[in-house]
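Taking it in order: structure first as structure tokens, then the write-up.
Every number here is computed from the coordinates shown, using simple stated rules; none is lab data. Just so it is clear, the structure is predicted and the values come from calculations on it, not from any experiment. So basically every Cβ, Gly included, is an ideal-geometry build from the backbone, and we count neighbours across all protein chains shown.
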Amino acid sequence: MKNEILYVLLNEYADHEPAFLAAAINCDERAIRTNPKYINKVVAPTLGEVRSCSGFRTVPDYSFDSMPEEYAALILIGGYQWMSEDAERVVPIVKCAIEKGIAVGAICNAASFLARHGFLNSVKHTGNGLEQLKLWGGENYTNESGYVHEQAVRDGCMVTANGSGYLEFAKELLLLLENDPPEYIEMFYRFQKEGFVKMCQSQNEHP
């Protein structure tokens, strides 16, 4: 389905990294959305369950072989297997998504994986520091000048983030996908970033 957001999970994936994005896609501030604009789906190497770095087990909706050709976004979630053989199978998937102009997001080691395969060479980007991108990318990473030292960076249809930038990662992807009006996305971001108490204090000070 063209409105599906596909989250690529490898074993030992960082389960906290997609949490804010997935929740905002499927829920609003009150409850689960009745008619969400997008639908969250999980893609993994096979249809067998994948295990997160925290020990949670997830049953994929699609394998690499059964995933649809048309979808709204491809989200690569970080973890400890982005230099594995399974990760190499993601390369043609990313290449195809970029060629089609599909939104691509990569966070933490998944951003370093993009550097390793030259996918960051024509966009502004970030990740787990420039040194890691250069280490993972080697001679395939030729865009050091495009590195931006921020929590998350959006350029065209690409969003990258460091491993602690999961909230900013969510914000930039929600804006790119136009999941909600920009002012609502900003409110969502501030609420999650600042917390309930501070938001209430701010509203009381500026009624």
Checklist entry - Using the alpha-carbon atoms, what tilt in degrees (0 to 90, nearest 10) does helix 166-177 show relative to the longest principal axis of the chain? => result 90 degrees
Checklist outcome for this item: The rounded separation in angstrom of the Cα centers of the stretch 133-207 and the stretch 1-72 is 19 Å
Next on the checklist: Taking 0.36 nm per residue of sequence separation and subtracting the Cα-Cα distance, how much length would be gained by fully extending the chain between N140 and T58, in nm to one decimal?
Outcome noted: 26.3 nm
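Which of K134/K198; K95/K198; K2/K134; K100/K198; K41/K124 have a Cα-Cα distance over 32 Å?
K134/K198; K95/K198; K2/K134; K100/K198
Could you sort 19-28, 34-43, 51-60 so that the peptide with the highest average Cβ count within 10 Å comes first and the rest follow in order?
Those peptides, ordered most packed to least, come out 19-28, 34-43, 51-60.
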Checklist entry - Do the sum for the chain: with -39,500 (n - 2.57) for every DSSP H run of n ≥ 4, divided by all residues, what is the mean residue ellipticity at 222 nm, to the nearest 500 deg cm²/dmol? => result -10000 deg cm²/dmol
Checklist entry - What's the extension gain from C96 to L130 if we count 0.36 nm per residue and subtract their Cα-Cα distance? => result 9.7 nm
Checklist outcome for this item: Distance in nm between K2 and A19 label points, each 7 Å along Cα→Cβ, equals 3.4 nm
Next on the checklist: Given all pairs of different Cα atoms, what value in angstroms does the Kirkwood hydrodynamic radius of the chain take?
Outcome noted: 17.4 Å
Item to check | Antiparallel DSSP beta bridges within the chain, as percent of all bridges there, nearest 5 | outcome: 30 percent
Checklist entry - What do you get when you divide the Cα radius of gyration of the stretch 84-207 by 2.2 N^0.38 Å, with N the number of residues? => result 1.20
Item to check | E150 paired with R30, simple spin-label distance in nm, labels 7 Å along Cα-to-beta-carbon | outcome: 3.3 nm
Checklist entry - With charges set only on the Cβ (+1 for Lys and Arg, -1 for Asp and Glu), what does the dipole of the chain come to about its Cα centre, in debye to the nearest 20? => result 140 debye
Checklist entry - Taking K193 as the anchor, which lysines have their alpha carbon closer than 20 Å to its alpha carbon, excluding any fewer than eight residues away along the same chain? => result K171
